[in-house]
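Note sheet for the following structure.
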Amino acid sequence: MARYNLNQYMDVGGITNSEFGTIFGWGSATYGVAFLINGPLTDRWGGRTTILLAAGGALVTNALMGYAIYTKSALFGTPFHTMLVLYCANMYFQSFGAVSIVKVNGSWFHLRERGTFGGIFGILISLGVFFAYDGGKMITDALPKQLEWLFLIPAGILVVFFVLCFLFVRDSPSKAGLTDFDLGDASTPDDGTKESAPKVIVRLLSNPIILTIALIELCSGFLRQAIMQWGRGFSKAVGEGGSFVIENWGVVLCIAGITGGMFAGTISDHLFQSRRGPVAAVLYAIMLAGAIVIIPLLLLSSPGPVPLLLAFMSMAIIGVHGMLSGTASADFGGRKNTGTAVGIIDGFVYAGSMAQSFIYGAYLPEKVIICADTTTRPNPAGEIIDNWMIWPYAMIPIALVGLVLSLRVWNARARPKS
């Protein structure tokens, strides 16, 4: 909610499509590069410490963005540059979030159980999406002239979760007064040796399975954000902006993500013996088929199925993301190096996110035109379907590459050290 509130800020005219693409693109770049630092730091300090750092940093930066909007302050030269700098700082702290969650749970779940955990991870992502989109819309509907609350309310919620994490989160069973157990992953057996962060990064990137998973997730980052950030605009351009799916975009994405995450986790653990590649391949096949089918649907006089198809595609791609970033990273990185492994893989996710943000932000039409007297009016070009065709066209080759790479790790499974 404290990350995707920027999208709702764009949707109500706080920033333009182009400004959003630039801010979110640089934010994604910050998020991805930060993993090179934050992944090893999470392995060194522990997930509990870094998740508190994530919550604290994100609540401060969101509060500052709300303050800047409320006071119309240009803290860094212009309002645009102020949002750019503060959002990038927000994304730096946010990058501790996923890696901390996977790090902590890597010590609590056996390898055979982690597919199910990947589903839970997908649920967490999906609930955040719901609160960001539908919760953000509720805020702007109730307070259309007080857009600062898009950022101040998430900051307040983060205060609550900071306290809850401080009170209840522990890095391992032993730190909660229980007994640690054999996890069955790449850290088993633990010989007690510690490697430097650069050595761990080089070793993980030299592992062809981890590198392939990272490349798959680069595709996932492109596709997931392409749907989440631009799907509503595309649907409105093709005349389906009033459909149930688009009017309730947050809850639809939430349900789709929960379904995809639990489907992926369950069949991975119980049908494919904790192999993650087959599930990723199945979901990427759905994603590719959906991107292709969108194009002939646009030839219909009323392309009503498009929003429903987008919901189905989001189910597939969120399922892949939870399965690989939330599960396979812990499998192949092992308990000791989970933070670094997640950092590498999620760094690739946000390289894909950055790419789609810059591409679509540059080529998709603006929703409104700013007139010389600073008033705005609807942009006629935004309602022409041809101007949006780059959106599905760009997804097709990315989904194809993701499918091919998923097939390459079909039989990959983490095994204990010999």
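The values are calculated or read from the model by the stated rules, or taken from the named source; none is laboratory data. These numbers were taken from a predicted model, which means no experiment stands behind them. Cβ sites come from the backbone with ideal geometry, for glycine too, and all protein chains shown count toward neighbours.
Every residue in segment 251-278 that is in contact with a Gly (Cβ under 7 Å, 6 or more places away or on another chain) and assigned to a helix (DSSP H, G or I), please.
So the first thing to find is which residues in segment 251-278 are in contact with a Gly (Cβ under 7 Å, 6 or more places away or on another chain), and the list is 257-258, 260-266, 268-269, 274.
Hits for segment 251-278 are Gly257, Ile258, Gly260, Gly261, Met262, Phe263, Ala264, Gly265, Thr266, Ser268, Asp269.
Scanning segment 282-313 for residues that are at pLDDT below 90 and of a type in the set (Ser, Thr, Tyr) yields Ser301, Ser302.
Look at Leu86 and say whether it is crowded, with 24+ Cβ neighbours inside 10 Å, in contact with a Phe, Trp or Tyr (Cβ under 9 Å, 6 or more places away or on another chain) and either at pLDDT 85 or above or part of a helix (DSSP H, G or I) (or both).
yes
Note on segment 364-382: residues that are crowded, with 16+ Cβ neighbours inside 10 Å and more than 28 Å from the chain's Cα centre (by Cα) amount to 1. Select from segment 1-24 the residues that are outside any loop (DSSP other than H, G, I, E, B) and of a type in the set (Gly, Ala, Ser) and write down the one among them that is farthest from Gly250 (Cα to Cα). For segment 1-24, the residue satisfying everything is Ser18. Does Gly56 satisfy the condition of being of a type outside the set (A, V, I, L, M), crowded, with 21+ Cβ neighbours inside 10 Å, outside any loop (DSSP other than H, G, I, E, B) and in contact (Cβ under 8 Å) with a residue 24 or more places away in the chain? No: the conditions fail for Gly56. Determine whether segment 337-350 contains at least one residue that is buried (at least 24 other Cβ atoms within 10 Å of the Cβ), more than 12 Å from the chain's Cα centre (by Cα), at pLDDT below 85 and part of a loop (DSSP other than H, G, I, E, B). Yes, segment 337-350 contains a residue that is buried (at least 24 other Cβ atoms within 10 Å of the Cβ), more than 12 Å from the chain's Cα centre (by Cα), at pLDDT below 85 and part of a loop (DSSP other than H, G, I, E, B).
Considering segment 14-30, and only residues there that are crowded, with 22+ Cβ neighbours inside 10 Å and among the aromatic types (Phe, Trp, Tyr), the residue that is nearest to Ala381 (Cα to Cα) turns out to be Phe20.
Contact map, segment 150-172: residues that are closer than 17 Å to Met138 by Cβ paired with residues that are of a type in the set (A, V, I, L, M) and surrounded by 18 or more Cβ atoms within 10 Å (Cβ to Cβ), Cβ distance under 6 Å, separation 6+ or inter-chain. Pairs shown: Leu150/Ile139; Phe151/Met65; Pro154/Met1; Pro154/Ala2; Ala155/Leu59; Ala155/Ala63. The residue that is nearest to Arg112 (Cα to Cα), among those in segment 249-306 that are among the hydroxyl-bearing types (Ser, Thr, Tyr) and surrounded by 24 or more Cβ atoms within 10 Å (Cβ to Cβ), is Ser268.
Filter segment 89-143 down to residues that are among the β-branched types (Val, Ile, Thr) and modelled with pLDDT of 80 or more and give me whichever is nearest to the chain's Cα centre (by Cα). Explain how you work it out, then say what you get.
Let us first name the residues in segment 89-143 that are among the β-branched types (Val, Ile, Thr), namely 99, 101-102, 104, 116, 120, 123, 125, 129, 139-140.
If we keep only those that are modelled with pLDDT of 80 or more as well, we get 99, 101, 104, 129, 139-140.
Numbers: Val99: 12, Ile101: 14, Val104: 19, Val129: 9, Ile139: 22, Thr140: 23 Å.
In this case the residue turns out to be Val129.
Any chance segment 38-49 includes a residue that's without any contact (Cβ under 8 Å) to a residue 60 or more places away in the chain, more than 25 Å from Trp149 (Cβ to Cβ) and polar (S, T, N, Q)? Yes, the conditions are met somewhere in segment 38-49.
Please work out which residue is farthest from Ser302 (Cα to Cα), limiting yourself to segment 204-230 and to residues that are small (Gly, Ala, Ser) and buried (at least 24 other Cβ atoms within 10 Å of the Cβ).
Checking each candidate, the answer is Ala214.
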